[in-house]
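I have placed the structure first, in the form of structure tokens, so that the comments after it can refer back to it.
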Amino acid sequence: MPADAIRAVERELVIVIPCMNETRRVIEGVLSGIPHDCLIVLVSNSGRTPVDRYEIEAQTVAEFCRLAERPALTIHQRDPGLAAALKVAGLPEIIDEEGLVRHGKGEGMLVGMALAALTGRRYVGYVDADNYVPGSVNEYCKAFAAGLHLADSPYAMVRIAWHSKPKLQEGRLFFSRRGRASEVTNHFLNQLIAEHSGFGTDVIATGNAGEHALTLDLGLRMRLAGGFAVEPYQYVDLFEQFGGVGDSRHPDVMASSVGIRQIETRNPHFHDNKGDEHVKDMRLQALNVLYHSSVCLPPVREAIGEFLALAPDAEPPRERVYPPVGSLALDQLLDVLASEARTFRQIERCLPEGVRTDPPIRRPDVGLGMGGRM
Ligand code: GDD
């Protein structure tokens, strides 16, 4: 892969870091792994009392950017100004009973996608804030750029299948091939494809890929699910909208096709282990969105029902699904963010002489997306 091709993609790539109560040193490592030309966007849902963890995160990003001469954006998911901005822009569904943006990783990622769209860049990628190894983060971003460079459609996605996920077992490291949530999600997504095609397959290896990137041309047309249903639902939404089973509202996309490239990286994926209940929860959310999909065939639904030990006639709960970010009025979103969101920080690239250049968001770029037209 030519280095200048990779660099050209990185200049157009926004890396969103969803973050909730991760440690400062780990976040610093993640920041340092993101290639220099990518724009950093941190969307935090961290606690603000008794210690304001968001303030620590925002300062960490600002200090890193000052030293590395980079621009960035940061925001807190529960900022009332953000809720007001999303409401005005046309997304009241994302607001909860407290009048704030709902908790959830998918919700944070949606905010990240909206901010990415405001920057006028072409691509958005996601990297979790709990990645312990900066070198892995760097490899994920390089793989994003390589995959996006190779894409032959403007509607493209790259999903990372990490080489292994190490765990401590009886005092030694065990390099497990797949995570416990992914194993189950991949199994049922593959069964869905097999039922449609009539051929058994294990083509899907990235049902839960937290690390992934896509063109904004595609991302702005996709519906996003809330919480941890977000990644599995990306497949479900692509099958529903562009799989050719139902009608598509986007003949332009159908004419080009949607390319999904799964790239296996070499570094092990070391991250914070949040426990068994958390894994079970992620698995459930994945199966819920698949079960309720309009493209889910009866044998897959039955198999999911059996796996979940559902009583006859019982159904799993539905997850929240939001309309595409491209349907929002992005110019209005920016107006309200700028005037009301107190946690919204735009860190400009600051050259050594103190000359301020390269603001992450330039007004004339806003509104060039699809705001309000989808
Ligand atoms: N902004 C925001 N809002 N970030 C959140 C939220 C939220 O409500 N909840 C979690 N995060 C952040 C975490 O701080 C972390 O950086 C990242 O999202 C992933 O959350 P974890 O709770 O650490 O999930 P995980 O590491 O067990 O699972 C990850 O890998 C799975 C695949 O193995 C996630 O990326 C999953 O989405 C993914 O399916």
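The values are calculated or read from the model by the stated rules, or taken from the named source; none is laboratory data. Since the structure is predicted, the reported quantities are computational estimates derived from the model, not experimental observations. Here the Cβ positions follow ideal geometry from the backbone for every residue, glycine too, while neighbour counts run over all protein chains shown.
Quick look at the numbers
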{"read-out": "Residue that is farthest from the ligand (Cβ to nearest atom) [pool: residues in segment 223-244 that are closer than 17 Å to Gly259 by Cα and among the aliphatic types (A, V, I, L, M)]", "value": "Leu238"}
{"read-out": "Among the residues listed as Arg78, Arg11, the single one being at pLDDT 95 or above, within 13 Å of the ligand (Cβ to nearest atom) and of a type in the set (Lys, Arg)", "value": "Arg78"}
{"read-out": "Test: residue in segment 44-58 that is away from the ligand (no atom under 11 Å from the Cβ), surrounded by fewer than 21 Cβ atoms within 10 Å (Cβ to Cβ), over 20 Å from the mean Cα position of the chain (by Cα) and hydroxyl-bearing (Ser, Thr, Tyr)", "value": "yes"}
{"read-out": "Single residue of Phe174, Phe199 found to be in contact with a Pro (Cβ under 8 Å, 6 or more places away or on another chain) and over 16 Å from Leu238 (Cβ atoms)", "value": "Phe174"}
{"read-out": "Pairs where the first residue, in segment 161-182, is touching a residue at least 60 places away in the same chain (Cβ under 8 Å) and the second is in a strand (DSSP E or B) and among the hydroxyl-bearing types (Ser, Thr, Tyr), C-beta under 8 Å, 6+ apart", "value": "Ser164/Ser176; Lys165/Ser176; Pro166/Ser176; Lys167/Ser176; Phe175/Ser164"}
{"read-out": "Count - residues of segment 265-302 that are within 15 Å of the ligand (Cβ to nearest atom), loosely packed, with under 12 Cβ neighbours inside 10 Å and within 25 Å of Phe144 (Cα to Cα)", "value": "0"}
{"read-out": "Qualifying residue in segment 21-31 (condition: in a loop (DSSP other than H, G, I, E, B), over 23 Å from Asp358 (Cβ atoms), more than 14 Å from the ligand (Cβ to nearest atom) and among the polar types (S, T, N, Q))", "value": "no"}
{"read-out": "Of all residues in segment 42-82 being small (Gly, Ala, Ser) and out of contact with any helix residue (DSSP H, G or I) (no Cβ under 7 Å at 6 or more places or on another chain), the one that is nearest to Leu110 (Cα to Cα)", "value": "Ala58"}
{"read-out": "Check on Arg24, more than 15 Å from Arg342 (Cα to Cα), touching an Asp or Glu at 6+ places or on another chain (Cβ under 8 Å) and not polar (S, T, N, Q)", "value": "yes"}
{"read-out": "In segment 198-218, the residues that are away from the ligand (no atom under 16 Å from the Cβ) and crowded, with 23+ Cβ neighbours inside 10 Å", "value": "Leu216, Leu218"}
{"read-out": "Criterion violated by Ile34 - all others in (1) out of contact with any helix residue (DSSP H, G or I) (no Cβ under 7 Å at 6 or more places or on another chain); (2) at pLDDT 95 or above satisfied", "value": "(1)"}
{"read-out": "Of the criteria (1) of a type in the set (D, E, K, R); (2) more than 14 Å from the ligand (Cβ to nearest atom); (3) crowded, with 24+ Cβ neighbours inside 10 Å, which one Arg122 fails", "value": "(3)"}
{"read-out": "Some residue of segment 83-93 being modelled with pLDDT of 95 or more, more than 18 Å from Leu337 (Cα to Cα) and buried (at least 17 other Cβ atoms within 10 Å of the Cβ)", "value": "no"}
{"read-out": "Within segment 24-43, tally of residues that are out of contact with any Pro (no Cβ under 6 Å at 6 or more places or on another chain), of a type outside the set (A, V, I, L, M, F, W, C) and surrounded by 14 or more Cβ atoms within 10 Å (Cβ to Cβ)", "value": "3"}
{"read-out": "Failed item, numbered, when Arg70 is tested on (1) charged (D, E, K, R); (2) in contact (Cβ under 8 Å) with a residue 60 or more places away in the chain; (3) within 14 Å of the ligand (Cβ to nearest atom); (4) assigned to a loop (DSSP other than H, G, I, E, B)", "value": "(3)"}
{"read-out": "Which listed residue, of Glu195, Glu170, is touching a Leu at 6+ places or on another chain (Cβ under 9 Å), more than 16 Å from the ligand (Cβ to nearest atom), more than 27 Å from Gly112 (Cβ to Cβ) and among the acidic types (Asp, Glu)", "value": "Glu195"}
{"read-out": "Count - residues of segment 127-143 that are within 15 Å of the ligand (Cβ to nearest atom), part of a helix (DSSP H, G or I) and farther than 18 Å from Lys105 by Cβ", "value": "2"}
{"read-out": "Test: residue in segment 203-221 that is touching a residue at least 60 places away in the same chain (Cβ under 8 Å), touching a helix residue (DSSP H, G or I) at 6+ places or on another chain (Cβ under 9 Å) and over 27 Å from Val101 (Cβ atoms)", "value": "no"}
